[in-house]
Every structure is written in structure tokens, then in C-alpha cells.
Amino acid sequence: MGRMNSDTITKPSLSHWADQTADKIIRERGDLDVYTCASGITPSGTVHIGNFREIISVDLVVRALQSRGKNVRFIYSWDDYDVFRKVPQNMPNAEKLAQYLRFPITLVPDPFGRDESYARHHEVDVESVLPLVGIHPEYLYQAERYRSHRYAEGMKKALQNRERIKDCLNRFRDEQHKIPADEAYWPVSAFCAQCSRDTTVIDGYDGEYGVSYHCTSCGFSETADLRTSSGIKLGWRVDWPMRWEHEHVVFEPAGKDHHSQGGSFDTARLVAKEIYGWQAPVSFRYDFIGIKGTPGKMSSSKGAVISLRDVLNVYQPEIARYLFAGTRPNTEFAISFDLDVLKTYEDYDRTERIAWGVDKAKNEQIYAKERRIYELSQVDGMPEMMPYQVPLRHLCNLLQINSGDIDAVIAGLPDVAPAQERRLRERCRCAWYWISECAPDDFRFSLRLDGSRAELDGAALAAVKKLRDEVVPHMDELAEKPLSEAVYAVAGECGLEPKALFAAVYQALIAKDQGPRLASFMKIIGRARLEQILSVY
């Protein structure tokens, strides 16, 4: 295993898209005391791995700015004052939740009974898992901020400039979808102070802080003061640019739906500049994420919704980061739970070997790129020594041979340093989960350690006995290739095709017709256990 000292650590170049974005932010915004980078979402349901793409994209740019010595503020907004519009299919107590439709989600009860609200339940799920992948934003809770009147001046400015905002919105709309000139446009909406629903109609504005409305559900009406009322909030297309200015945001990516031509980012850019006097942040479009393969039992309770915690059941934290650090944000890709998991681990291991100088890159450009991807994939900086690499396929075999006993697997590996053990255990844990919950059936096996017998007769039975009596006792003296030749020789001596012998041995060992490469498999199982399993014949 390689070792890298601090003298070999390279300064960030522009080989990675996160560094390119950081360079663009500095170039366009100049030298700032603080560079505020933002992300956020409405916690209206399970925050899935597609939402995580935005979070980690910002984290990677934040790290790129910090590596240039910049002071960075990473804010993550929970838009928990949004309307509860529908009950997701994967939520319990659906009938109870349906009673709170049109409420702000911060006032909807937690159907799981764990947290103080529906919104807070989903926030906690994310806030508890992000540290596992090295992401530590400053959380802003928009319900609290609106209800503490923090945005009173921003709402006042929007109301006083509602005709100009209406023009900003109409500039990207065709004639059919423009707000008519004679139609009143209100940049705010109201949650009823009596029934808490957003089933309200804005009736008027006094030019300063007073907004009048009535509720179509309960009939309540009032003139609310922006400085004291808790129920008035801006619509999304105005709220977003208002907060850019309020928080001095200089970077925030958005999904391709928001970045579509004439979409919410384009209108927010206009409103930010023309109403709030703020230049829209540097941004880029990120694409969707697909899911390949079925992540086992997760699907029974969550349907198609896959969270970061689900991903971390199968992928080590560094590899979960690698999936995103190694892919440009505007590229669609799928996170796999099928056999492609093996390839993802192989790809990461190769990047790791290049980064530590164990494998040589084709040229300096490739080295710089792979090295930077690896750096950005780490949870908390570079490890003190290169992690212990065991190919995932081999590790799966070791775990299945040892019935999932991680201690036994690690004890059987040579030269594992104490500094390497934590990550190795994490890889073992992920591998065992994948085998147990996700791997295809033909990849799984368990040794016949219970004394059971395969139904063998004739030449097949004779060959298995011959292998047991003449090859297994001497296998510790043989390297893998000579051992393989000895197995083939047994097939010939018993008049069997090698394939037929393999099938007989696999049936005797794991009750399957095929399995891992036989000679290698026998080496992993070891002489003692082979003799034990085959003693019943």
C-alpha cells in the first residue's frame, strides 16, 4: 500500500468542475470577505438522492473556494413554510395527514410521531445523515424566519413594486400565459390567521405594511401588518431573489426544470436585479439521477424514493461522494444497486491508486483530475495512509464464506494497519448489506456447514471424493494456478468434462451449479473447512 506525505499534495488546479466554478465565482464577484453559497428544498416528503445532488454540488464548490483560502458561508434553507399540497404515497397515517392539506408544512403533525412536525421529521432525517458524508451547512428555517418578520422589508418592497415584478414575470411568457394587464397581481399569499390554510384571497395593500385578505374556507378576514403578522409570505419566484439579496448569495445551482429557458431562475434573475438591486448568483444546471437495480427491502416501505441513508447502506461515504464528485452536474447518471455496484467500487479503487501513486496515470492531466476527484470524495480530508483495498467481489466471497463475520474476514487479511481498519470495516458492512439485500440470487451463496449432502452419484461423486482425498490435503502447498491444474486433472481421470466437475463441486460446497473461480474459491475457503464439508461423501 502506498503512502503519501504532505509534500506531494497538489494545489487545486482547474481540472475539476468544482474548481472551475470557484474560479468563476471569484472572477465575477471579486475579493469578498465572505462567499455565501446556498442550497435548499421544501421538506414536503422524503428528501431523496436526487435532492442530495444539489447539496453535494454546493459542498464541492464550497470546498473548492476554501482550498483557495476563501471564507465561505454554506447555507441550506428549509422551505418549511410552503404549503402542504398532497400526501406522499409512502407516508403512514395518510387520512390524518389529509386533514392538514393547504396548511404550512411546519404545522402538519409528524405521522411517525417522532418529531414536532411533518417538516421537522424530514429535516432531521437529512441533518442526521449529512455529517456522515462530511457536509455541514448552516441551516435556515424559513417558517421561523417568516414568522419572526425577518422579511417584512423584503415583502414591502415587493408589494410596492408589484407592477414591475409582474412585468418581469411576463417577459418570459407568451401571450397566452402572461398575467393580463387588468388583472391584479400580488407577490404575496396569506395563511389564514384563524384556520391556518392558504385558501385566502388578497384584497388590498395600503402602500406600507398592511395587507388585507379574506379566507374562502372559514370566512375570516383581516388587515395583516407585515411587521407583526405571521401568515404573509412571498411567492416562490419573488421569495428566491429576495433571499439572494438578504443573504448576499453568490453561488446557488438549480435543477434543469428551474434552469429551463424562461423558468424560475430567469425570472428570479430579473427580479433580483430590478427590484432588489442584487446580481443573481453564479449558477449551473444539474441533471436528474436514476436508480438502477432494486435496493432490496428498501423498496417495500419507500417505493421508488431512495434517500442518502439508503445509498450509504451500499456505498461507503467516500464512494457516495465519488459518485457525484466524479460526474459533471449537468450529466444524468444512475446510482446502481445491481451488479454495477462492483464496477463502481472498482472505479473508485482505481482512482484511489492513481491518487496515491500506486498506479500511474497516462499523463499529468489525468493524474491531476483523478487526484482532485479523490480529494473531493474524502469525508474529512486525506487519510493518513492509503486505505486497505480489497476488491468488492473478493470481499463478498470472503464475507459469505464467513457467514458475514466481519472480524473473521479482517483477521484473515494480511497486513491491515490500525489506521486502515475503520474504512475496511465500513466496506465490509456495505458489502454484506449489498449481498443480503440487493445482490442477484446467483451471486449469493452459503457454505454447506450443516452436514447436508448434494445428490451426487457415478463419476461426479467419484470425482468429488478424489478431489477431497488427493488434492485438498496438498492445496496449501500449491499456488492458485497449479491447484487449478490439479482440479482439471481430476476431471480427466474420472472421465468428466471440467464443467461437469465444477458443477458437482459447487453443489457439494454451496448447493449451486456455479460459483466463484473454483481454485481461488477453494483457497479462500481453506483446507480445514473443505475437508469438513466434503467429509460427508
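Our coupling estimate for segment 75-91, obtained by passing each phi through the Karplus curve with A = 6.51, B = -1.76, C = 1.60 and θ = phi - 60°, is 9, 10, 8, 8, 7, 8, 10, 6, 7, 7, 8, 8, 8, x, 5, 9, 9 Hz, Gly and Pro reported as x. Taking all protein chains together and a 1.4 Å probe, the residues Arg227, Arg372, Arg73 rank Arg227, Arg73, Arg372 from largest to smallest accessible area.
Rounded to the nearest 500, what is the 222 nm mean residue ellipticity of the chain from helices alone, with -39500 (n - 2.57) per DSSP H run of 4+ residues and division by all residues? All intermediate terms of the calculation are to be shown ahead of the outcome.
Details: 22 runs with 234 residues, N = 537.
Roughly -13000 deg cm²/dmol at 222 nm, from the helical runs in the chain.
Leaving out ligands, DNA and RNA, what percent of the accessible area of segment 152-277 is carbon and sulfur, probe 1.4 Å? Working shown, then result.
Numbers: 2550 of 5800 Å².
Its accessible area is 44 percent carbon and sulfur atoms.
Leaving ligands, DNA and RNA out of it, rank Arg171, Arg468, Arg27 by accessible area with a 1.4 Å probe, largest first. Mind showing how you got there, number by number?
Numbers: Arg171 115, Arg468 40, Arg27 155 Å².
Result, largest first: Arg27, Arg171, Arg468.
Shape of segment 42-186 from its Cα gyration tensor (a ≥ b ≥ c, root eigenvalues): rounded if a/c is under 1.5, otherwise prolate when a/b > b/c, or oblate?
Oblate is the answer for segment 42-186, as a/c is 1.5 or above yet b/c matches or exceeds a/b.
The charge dipole of segment 131-233, taken about the Cα centre with unit charges on the Cβ atoms of Lys, Arg (+1) and Asp, Glu (-1), comes to about 300 debye, rounded to the nearest 20. Rounded to the nearest 10 square angstrom, Cys218 shows an accessible area of 50 square angstrom against a 1.4 Å probe. Go through [x] 1.26; [y] 1.19; [z] 1.07 and flag the label whose value is the computed Cα Rg over 2.2 N^0.38 Å for this structure. Recomputing Cα Rg over 2.2 N^0.38 Å here picks out [x].
Using a 1.4 Å probe, what is the accessible area per residue for segment 306-447, in Å²?
On the way: 5960 Å² over 142 residues.
Here the residues of segment 306-447 average 42 Å² of exposed surface.
With Cα atoms defining each centre, segment 187-205 and segment 87-105 are spaced 21 Å apart in the structure.
Select from the chain the helices, each a whole stretch of DSSP H, whose alpha-carbon atoms run 24 Å or more along the helix axis and whose Kyte-Doolittle mean is at least 0.5; answer none if there are none. Don't skip to the end; give the middle numbers.
Numbers: long enough: 49-66 (25 Å, 0.78); 418-437 (29 Å, -1.25).
Qualifying helices, which must be both long enough and hydrophobic enough, are 49-66.
For segment 127-255, averaging the sequence separation of C-alpha pairs within contact (under 8 Å, six or more residues apart) and dividing by the residue count gives a relative contact order of 23 percent.
Heavy-atom accessible area for Ile26, with the other protein chains in place and a 1.4 Å probe, reaches approximately 40 Å². Taking only protein heavy atoms and a 1.4 Å probe, the accessible area of segment 409-537 is 49% carbon and sulfur.
Whenever you get a sec, compute what percent of the accessible area on segment 1-126 sits on carbon and sulfur atoms (1.4 Å probe). Walk me through the numbers before you get to the answer.
Numbers: 2580 of 5650 Å².
After summing per-atom areas, the C and S share lands at 46 percent.
Considering only Cys195, Leu159, Thr228, and ranking their Cα positions along the charge dipole of the chain that arises from unit charges at the beta-carbon of Lys, Arg, Asp and Glu, the one farthest toward the positive end is Leu159. Largest accessible area first, the residues His48, His259 order themselves as His48, His259 under a 1.4 Å probe with ligands, DNA and RNA left out. Taking all protein chains into account, the per residue accessible area for segment 181-264 stands at 43 Å² (1.4 Å probe). Legend note: in the chain, cysteines whose Cβ sits 4.7 Å or more from every other cysteine Cβ are Cys37, Cys168, Cys396, Cys428, Cys430, Cys438, Cys494.
In this structure the amide hydrogen of Ile335, modeled in the peptide plane, comes within under 5 Å of the amide hydrogens of Gly290, Ile291, Lys292, none closer than 5 places in sequence on its chain.
Which pairs, out of Lys233/Lys273; Lys292/Lys499; Lys166/Lys233; Lys157/Lys178, put more than 27 Å between their alpha-carbon atoms? Over 27 Å Cα-Cα: Lys292/Lys499.
An oblate overall shape is assigned to segment 304-414, the ratio a/c of its alpha-carbon gyration tensor axes (a ≥ b ≥ c) being 1.5 or greater and a/b not exceeding b/c. What shape does segment 496-535 take by its C-alpha gyration tensor, where a ≥ b ≥ c are the square roots of the eigenvalues and a/c under 1.5 counts as rounded, a/b above b/c as prolate, and the rest as oblate? The shape class here is prolate. At the residue level, Thr36 shows approximately 10 square angstrom of accessible surface with a 1.4 angstrom probe and all protein chains present. For segment 111-164, the per residue solvent-accessible surface stands at 45 Å², with DNA, RNA and ligands left out and a 1.4 Å probe. Per-residue packing, averaged as other Cβ atoms within 10 Å, sorts the ranges 485-492, 155-162, 312-319 into the order 312-319, 155-162, 485-492, beginning with the highest.
The values are calculated or read from the model by the stated rules, or taken from the named source; none is laboratory data. In this text the structure is predicted, and so the values were computed from the model without any measurement. Cβ: placed from backbone, ideal geometry, glycine included. Neighbour counts: every protein chain shown. We work out accessible area using only protein heavy atoms, side chains counted, and drop any ligands, DNA or RNA first. Shrake-Rupley method; radii C 1.70, N 1.55, O 1.52, S 1.80 Å.
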